[in-house]
Amino acid sequence: MPEFFPEVKKPIKYEGPKSKNPLAFKHYNPKQKILGKTMEQHFRFAVCYWHTFKGTGADPFGSATMVRPYAASSDPLALAEATMEAAFEFMSKLGVKFWTFHDRDIAPEGENLTETNKNLDHMIKIAAKKQKETGISLLWGTANLFSHPRYMAGASTNPNPAVFAHAAAQVKKAMEVTKELGGEGYTFWGGREGYDTLLNTDLAREADQLGKFLNLAVDYKKAIRFKGQFYIEPKPKEPTKHQYDFDAQSCHAFLQKYGLMDHFKMNIEANHATLAGHSFHHDLAYASANGILGSVDANRGDRLLGWDTDQFPMDFQECALAMYYIIKMGGFKTGGLNFDAKVRRQSYEPVDLFYAHIGSMDAFAVGLKVAAKLLKDKFFEKLLKQRYGGWDKALGKDILSGKMSFKDLEAYTMKNGEPKTQSGRQELTELLLNEYLTTIS
Ligand code: XLS
Ligand code: NI
Ligand code: NI
C-alpha cells in the first residue's frame, strides 16, 4: 500500500507542554479526563474532506499550489480511490476519530445522475471498509448543492423547479449513503440559497421553497429510518450577497416558521458567525440558550478580510469561550468539532496539514482546560448572579410572574425614586479572564 504522508511515520503523540516537537501534541491528551469525560469525548474532532484532501490552493488570482502526492491520476475514479486512501492514512496518523464529506468530494460526477450515483456507491463501499479498518466514523455527511452550474441560482430556492427536483434527488442519495456509513448527522449548509440581487428575486417564494425542501428531507429521513441528527449551518453571505440562513437567530426563526424545530439543530461555524458581524461565541451562546446547538465547524476568519478565509483556529481565548458554551449546553451528543478549515495557499506541503490540525487541536485543549476552570470557579455565574440579582428578588420576580402592571410599576417608581446603578466591570472581567488564560497548566 502506498504511503502518502511519509513525513509522519507513526501516529501523533501527546508529549506534554515542554515538548519542542511540532509534530506532537502539547495539550491535547486524548485520554486525559476533564470534568468527567476524556478530551477525546469532549471534542469529537473531525477532519473535513473538502478542504483537507481536495483543496488545491487555487484562488481568483492564481492556480493550484498544493502538493498532494495522491492526486496524480487523470482517471477520476482512480483519483478518488487514491484520495480516500490518503485521507484515512492522514486521519489515522493524526489520531482523529471522525470525518465529514460532501457527496461530490469523494466521488466524481458522471454523465448523468445514474452514473454519478454509481460512482458514489463505489466510493462508499471503499469508505465503509476504511472506516472498519481504522475505527474512524462519520460525524456527518452532506450534499454539494453549489458547485455544479445547474445550481448557479440556488438549489431548493432556484426559480426553476426542475433544479429543486435535481437537488432533492441528490440529497435523497446523500442521506442514504450517510446512513449506510453510520453517519451520526447530516448537514444542510445553504450553498447558493440566497441572492445576488433582490431586483430579480422573490424572497418570500424562495423561503417557502427552502421550507418545503427541508420538510421533504425530514419525511425521507423517517421513511428510511435514518437516526442521525439534522443540522442547519448558518452563513450570512458568500457565495451569494445574502444567504437566507444568515445566522443562528435567523435560522431559529426560519425553523419555527416552517415547523422544523423538532428536527434540526445548528452547526455553528466560527468564520460564518464573524461574517454575520458576530463573535464566534455569540452564535454559540444564542444557539445554546435556545437548545439548538448541535455541532461546530471549527475555523477562524481574518479580522482584516471580509470573506470566509476558513483558517485553522489557533486563538486560545476564542477556543476557551467556545468550549465554555459547548460544555454549558451539556457537551456534544451527535455533534463534534469539525475542522472546516484550510491551510493557506503558501502552506502547500503535505506536512502543513499536520501542523494545522495539531495546532488547532492543542488550542482547543487549552480552551477546554480554561473553560473547565471557569466552570469550576463559577466565574461567569457569579458575575451574572451579582449583575442580575434584582431579578431573583421581590420586584424582579413580581414583574416576570405577571403580578405587576405598568400602573404598579409606576407606583413602585414614584415610591422608590431613582434606581441605583452599578458598574458593568467589563475591564475587570477581561483582566480576570486573561489570568485564566495565562495560568493554564
Ligand atoms: C461553506 C461551508 C461548508 C459546509 C458544508 O462555507 O462551511 O463547507 O460546512 O457544506
Ligand atoms: Ni462549514
Ligand atoms: Ni464556511
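When the solvent-accessible surface of protein heavy atoms is calculated with a 1.4 angstrom probe, in what order do HIS102, HIS282 fall, highest first?
I get HIS282, HIS102, largest accessible area first.
Going highest first, how would you order 170-181, 389-400, 297-308 by mean Cβ packing within 10 Å?
Output ranking for 170-181, 389-400, 297-308: 170-181, 297-308, 389-400.
For the residue pair LEU79 and ASP121, what label-to-label distance in nm results when each label sits 7 Å from Cα along the Cα-to-beta-carbon direction?
2.4
Using only the Cα atoms of segment 85-156, construct the convex hull and provide its projected area averaged over every direction, in square nanometres to one decimal.
That works out to 5.5 nm².
Checking the table LYS212/LYS265; LYS328/LYS397; LYS31/LYS376; LYS13/LYS328 against a 22 Å threshold on Cα-Cα, which pairs fail?
Check vs 22 Å cut-off fails for LYS328/LYS397; LYS13/LYS328.
Over the chain, what is the relative contact order in whole percent, taking alpha-carbon pairs under 8 Å and six or more residues apart?
Relative contact order here is 16 percent.
Whole-Hz Karplus ³J(HN,Hα) for segment 350-365, in order, using 6.51 cos²θ - 1.76 cosθ + 1.60 and θ = phi - 60°, x for Gly and Pro?
The phi angles translate into x, 5, 4, 5, 5, 3, 4, 5, 4, x, 6, 5, 5, 4, 5, 5 Hz.
Can you compute the FRET efficiency between ALA253 and VAL351 using 1/(1 + (r/R0)^6), with r the Cβ-Cβ distance and R0 = 51 Å? Round to the nearest 0.05.
For ALA253 and VAL351, the calculated efficiency is 0.70.
Provide the packing ranking of 139-148, 198-207, 22-31, i.e. peptides ordered by the mean count of other C-beta atoms within 10 Å per residue, highest first.
In descending order of packing, they fall as 139-148, 22-31, 198-207.
222 nm [θ] for the chain, helices only, -39500 (n - 2.57) per DSSP H run of 4+, per residue, to 500?
-14500 deg cm²/dmol
Between rounded, prolate and oblate, where does the chain land on the alpha carbon gyration tensor, with a ≥ b ≥ c its root eigenvalues, rounded for a/c under 1.5, else prolate if a/b exceeds b/c?
oblate
Relative to the longest principal axis of the C-alpha atoms of the chain, give the angle of the C-alpha long axis of helix 76-94, reported between 0 and 90° and rounded to the nearest 10°.
That works out to roughly 50 degrees.
The values are calculated or read from the model by the stated rules, or taken from the named source; none is laboratory data. None of the values given here were measured: they were computed from a predicted structure. FYI the Cβ positions are ideal-geometry reconstructions off the backbone, even for glycines, and counts take in every protein chain you see. These area figures cover heavy atoms from the full protein model, side chains too; ligands, DNA and RNA do not enter into them. Shrake-Rupley method; radii C 1.70, N 1.55, O 1.52, S 1.80 Å.
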